Amino acid sequence: MANVIFTSKATAKNGRDGHVKSEDGLIDVKLVNPATNKEDKGSNPEQLFAAAYASCFDGALNLVASKYKKEIDSLTTAAVSFLNDPEDNGFKISVELLVKIKGVDQNEAEDLVKKAHQVCPYSKATRGNIDVQLKPEAV
C-alpha cells in the first residue's frame, strides 16, 4: 500500500460559474465557463488541470532525464480541450502535451517523454481514461 507523502485540498463552490480556493489560500480563483461566458475573466477546470498536468509532467521528465544522466532544460505546455462526445454520454477532456527539450536530440527527446509518461502521476491517473497526445521537440 502506498504511503501518503502529503495531501493538498481545494474547495469549489457553484461549479464552472463559481469559485475555487485551496486550503492555504494560494489558489483563490473565480471560475468562468468560457463556453457560455466570453466576457468575464476567470479560470476554468481545464485551465487548472492544464497547469497541474504540465508542472507534474515536467517534473517527471526532469526526474527521468537525471536518472539517464541527461542535462536538459525543458518546457512543458499542456493543452486541455473540453469536448462534447454524444457517443460517450456527454462531455470529456483530452490533453496534448507539447514538450520542448534542450540538451538532447529528437530521438532522445521522444524517448525521455515516453518514459516520463510512464512515471508521471497525472499520466498514470489519466491512462486509459482520456486521450493524451505526446508531442516532444528537441530544441
Among (1) exposed (fewer than 12 other Cβ atoms within 10 Å of the Cβ); (2) within 26 Å of Ala35 (Cβ to Cβ), Lys92 falls short only on (1)
Whether any residue in region 90-110 is within 29 Å of Lys30 (Cα to Cα) and assigned to a helix (DSSP H, G or I) is what I want to check. no
Looking at the structure I just gave you, is Lys21 exposed (fewer than 14 other Cβ atoms within 10 Å of the Cβ), of a type in the set (D, E, K, R) and out of contact with any Leu (no Cβ under 8 Å at 6 or more places or on another chain)? no
Scan region 16-48 for residues that are under 18 Å from the mean Cα position of the chain (by Cα), in a loop (DSSP other than H, G, I, E, B) and within 19 Å of Ile93 (Cβ to Cβ) and jot them down. Asn44
Flag if Glu108 is acidic (Asp, Glu), loosely packed, with under 13 Cβ neighbours inside 10 Å and over 25 Å from Ile130 (Cβ atoms): no
Does Ala2 satisfy the condition of being hydrophobic (A, V, I, L, M, F, W, C), assigned to a loop (DSSP other than H, G, I, E, B), touching a residue at least 24 places away in the same chain (Cβ under 8 Å) and not assigned by TED's automatic domain parsing to the domain that holds Ala116? no
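To keep it simple, each residue is scored yes or no on (1) under 27 Å from Arg16 (Cα atoms); (2) not assigned by TED's automatic domain parsing to the domain that holds Ser8.
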| residue | (1), (2) |
| --- | --- |
| Asn37 | yes, no |
| Asp73 | no, yes |
| Asp88 | yes, yes |
| Lys92 | yes, yes |
| Val104 | no, yes |
| Glu108 | no, yes |
| Val113 | no, yes |
| Gln133 | yes, yes |
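The values are calculated or read from the model by the stated rules, or taken from the named source; none is laboratory data. This one's a predicted model, so the numbers in the text were calculated from it and none came from an experiment. Ideal geometry is used to build each Cβ from the backbone, glycine not excepted, and the neighbour counts take in all protein chains shown.
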